[in-house]
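J.: Questions regarding the structure given below will be posed in turn.
The values are calculated or read from the model by the stated rules, or taken from the named source; none is laboratory data. What you see is a predicted model, and the numbers here were worked out from it, not measured in a lab. Ideal geometry is used to build each Cβ from the backbone, glycine not excepted, and the neighbour counts take in all protein chains shown.
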Amino acid sequence: MNLRGVWTLYQFEMRRMKRTLIQSVVSPVISTTLYFVVFGAAIGSRISHMGGVSYGAFIVPGLIMLSLLTSSVLNASFAIYFPKFTGTVYELLSAPLSSFEAVLGYVGAAATKSVLLGLLILGTAALFVPLHILYPLWMLLFLTLTALTFSLLGFIIGIWADNFEKLSVVPALILTPLAFLGGSFYSISMLPEPWRTVSLFNPVVYLVSGFRWSFYGIGDVGVGVSLGMTLVFLALCMAIVYGIFRSGYRLKS
């Protein structure tokens with residue numbers, strides 16, 4: 001494996017985070033803080049506890065996941081789209097890097113930035129409500145797996161998109177609604193049938209549920225199911241990326 005090449009690509013993408021610090025870090029933290037203040041104050045005054053946890057603390061995992069999903073997709077999609085847009089992607093394809101090494105550099109950097117953002121939001125949330133993480137290692141596992149999965153999804157979107165409108169349509173019109181309807185601010189057990197059953201077809205439900213379980217030991221589905229579904233999504237995204245590089249879809253033409 002060309003570790004130097006992977007590390008160079010990884011460092012390049014990480015330095016881009018420093019150049020766009022306000023957009024990459026400051027803006028998501030402020031937006032999440034506003035969500036926390038508005039939902040925690042407005043709804044929390046009417047719902048004191050949920051699942052034995054204060055409502056303000058209950059929504060913290062959901063808010064972190066909401067930012068993590070969006071950040072992972074945007075970071076990875078822009079990272080591969082701009083080389084396509086400027087034509088420098090051909091230099092990447094001709095470089096002594098395998099497709100796996102190129103994906104490792106891009107997706108690794110996007111996932112790292114998302115995990116750092118998630119931890120930063122977690123620290124910000126601790127300023128508003130007392131937090132106690134029951135299973136910190138599980139929390140880091142779900143955080144990392146989710147960041148990797150949606151960074152791969154963002155990479156796929158960046159290759160598929162051929163203009164800036166397509167680049168933003170999936171996060172805006174699909175990902176954000178799924179996150180809001182995936183139990184970020186409520187438990188799906190509160191929903192009447194058939195909406196409770198319909199919600200189980202939303203992949204974000206499993207991500208949020210598993211992540212919330214690592215905090216409080218409660219979730220809408222079993223932690224084993226959450227972990228299994230997360231790994232299935234990860235494997236699916238990896239298979240699609242492999243197929244893209246194998247066929248050269250929108251990369252060699």
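J.: Which of the residues belonging to segment 119-141 are farther than 16 Å from Met14 by Cβ and in a helix (DSSP H, G or I)? Break it down into steps so the answer makes sense when it comes.
T.: Kept after step one, since they are farther than 16 Å from Met14 by Cβ, are these residues of segment 119-141: 121-141.
Ile121, Leu122, Gly123, Thr124, Ala125, Pro136, Leu137, Trp138, Met139, Leu140, Leu141 - these are the residues of segment 119-141 that are farther than 16 Å from Met14 by Cβ and in a helix (DSSP H, G or I).
J.: Got a sec? Which of Gly182, Gly222 is of a type in the set (Gly, Ala, Ser) and within 20 Å of Tyr35 (Cβ to Cβ)? It would help to see each step written out before you state the result.
T.: Details: Gly222 fails: within 20 Å of Tyr35 (Cβ to Cβ).
Matching residue, one of Gly182, Gly222: Gly182.
Table: residues versus (1) crowded, with 20+ Cβ neighbours inside 10 Å; (2) touching a Lys or Arg at 6+ places or on another chain (Cβ under 9 Å); (3) under 16 Å from Val60 (Cα atoms).
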residue: Ile133; (1), (2), (3): no, no, yes
residue: Phe142; (1), (2), (3): yes, no, yes
residue: Val169; (1), (2), (3): no, no, no
residue: Leu173; (1), (2), (3): no, no, no
residue: Ser184; (1), (2), (3): yes, no, yes
residue: Asn202; (1), (2), (3): no, no, no
residue: Val205; (1), (2), (3): yes, no, yes
residue: Val208; (1), (2), (3): yes, no, yes
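J.: Let me ask another. Please verify whether Leu68 is surrounded by fewer than 24 Cβ atoms within 10 Å (Cβ to Cβ) and either under 20 Å from Met17 (Cα atoms) or at pLDDT 80 or above (or both), treating the condition exactly as stated. So that I can check it myself, show each step before the final result.
T.: Details: surrounded by fewer than 24 Cβ atoms within 10 Å (Cβ to Cβ): no; either under 20 Å from Met17 (Cα atoms) or at pLDDT 80 or above (or both): yes.
Against the criterion (surrounded by fewer than 24 Cβ atoms within 10 Å (Cβ to Cβ) and either under 20 Å from Met17 (Cα atoms) or at pLDDT 80 or above (or both)), Leu68 does not qualify.
J.: Follow-up question, since we're still on this one. Hey, could you check segment 105-129 for residues that are under 16 Å from Leu145 (Cβ atoms) and among the aliphatic types (A, V, I, L, M) and say which is surrounded by the most Cβ atoms within 10 Å (Cβ to Cβ)? Walk me through how you get there before you give the answer.
T.: Restricting attention to segment 105-129, the residues satisfying the condition of being under 16 Å from Leu145 (Cβ atoms) are 107-108, 110-119.
If we keep only those that are among the aliphatic types (A, V, I, L, M) too, we end up with 107, 110-111, 115-117, 119.
Values: Val107: 29, Ala110: 32, Ala111: 26, Val115: 20, Leu116: 16, Leu117: 24, Leu119: 14.
Looking at the filtered set, the residue picked out is Ala110.
J.: If we scan segment 120-133, do we find a residue that is in contact (Cβ under 8 Å) with a residue 60 or more places away in the chain, farther than 23 Å from Ile30 by Cβ and over 12 Å from the mean Cα position of the chain (by Cα)? Spell out how you get there, then give the answer.
T.: Kept after step one, since they are in contact (Cβ under 8 Å) with a residue 60 or more places away in the chain, are these residues of segment 120-133: 120-122, 124-125, 128-133.
Right, trim to farther than 23 Å from Ile30 by Cβ and you get 132-133.
Cutting the leftovers down to over 12 Å from the mean Cα position of the chain (by Cα) gives us 132-133.
Scanning segment 120-133, I find at least one residue that is in contact (Cβ under 8 Å) with a residue 60 or more places away in the chain, farther than 23 Å from Ile30 by Cβ and over 12 Å from the mean Cα position of the chain (by Cα), so the answer is yes.
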